[in-house]
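**Student:** This is the structure I want to talk about, given as structure tokens.
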Amino acid sequence: MSTVREMSVSPEEMLGLARTDLAVYALANYPAFELPPFLELVVNKLEAVERGDVKRLILSLPPRH
């Protein structure tokens with residue numbers, strides 16, 4: 001995701017990337033979005049579930065996270 005911030009990406013390219021990358025989707029909807037390390041891990045795991053690499057996933061986070 002940091003590469004998308006650093007590159008000059010047109011809105012159309014951003015929407016195209018947002019269809020395949022959850023973090024870019026969040027950035028496209030909320031430009032001030034910052035991806036902390038724990039959310040990067042969550043995004044990677046959710047995308048692995050979507051690809052079928054992970055069959056079962058349980059996420060346990062403290063309240064308000």
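**Student:** Accessible area of the chain with a 1.4 Å probe: how many percent of it is carbon plus sulfur? It would help to have the intermediate numbers written out before the result.
**Tutor:** Numbers: 3060 of 5380 Å².
After summing per-atom areas, the C and S share lands at 57 percent.
**Student:** Ordering R51, R19 by how much accessible area each has at a 1.4 Å probe, largest first, what is the list? Please list the in-between numbers first.
**Tutor:** Values: R51 150, R19 185 Å².
I get R19, R51, largest accessible area first.
**Student:** Can you show me the helix-derived [θ] at 222 nm for the chain, built from DSSP H runs with n ≥ 4 at -39,500 (n - 2.57) apiece and divided by the number of residues, rounded to the nearest 500. Spell out each step's value before the answer.
**Tutor:** Details: 4 runs with 36 residues, N = 65.
Mean residue ellipticity, 222 nm, calculated: -15500 deg cm²/dmol.
**Student:** Here's another thing I want to ask about it. Could you provide, to the nearest whole Å², the per residue accessible area of the chain with probe 1.4 Å?
**Tutor:** It amounts to 83 Å² per residue over the chain.
**Student:** Stokes-Einstein diffusion coefficient for the chain at 4 °C in a medium of 1.567 mPa s, Rh from the Kirkwood formula over Cα pairs: what value in µm²/s?
**Tutor:** 100 µm²/s
The values are calculated or read from the model by the stated rules, or taken from the named source; none is laboratory data. Bear in mind the structure is a predicted one, so any value in this text is a computation, not a measurement. For accessibility, only protein heavy atoms count, side chains too; no ligands or nucleic acids. Shrake-Rupley method; radii C 1.70, N 1.55, O 1.52, S 1.80 Å.
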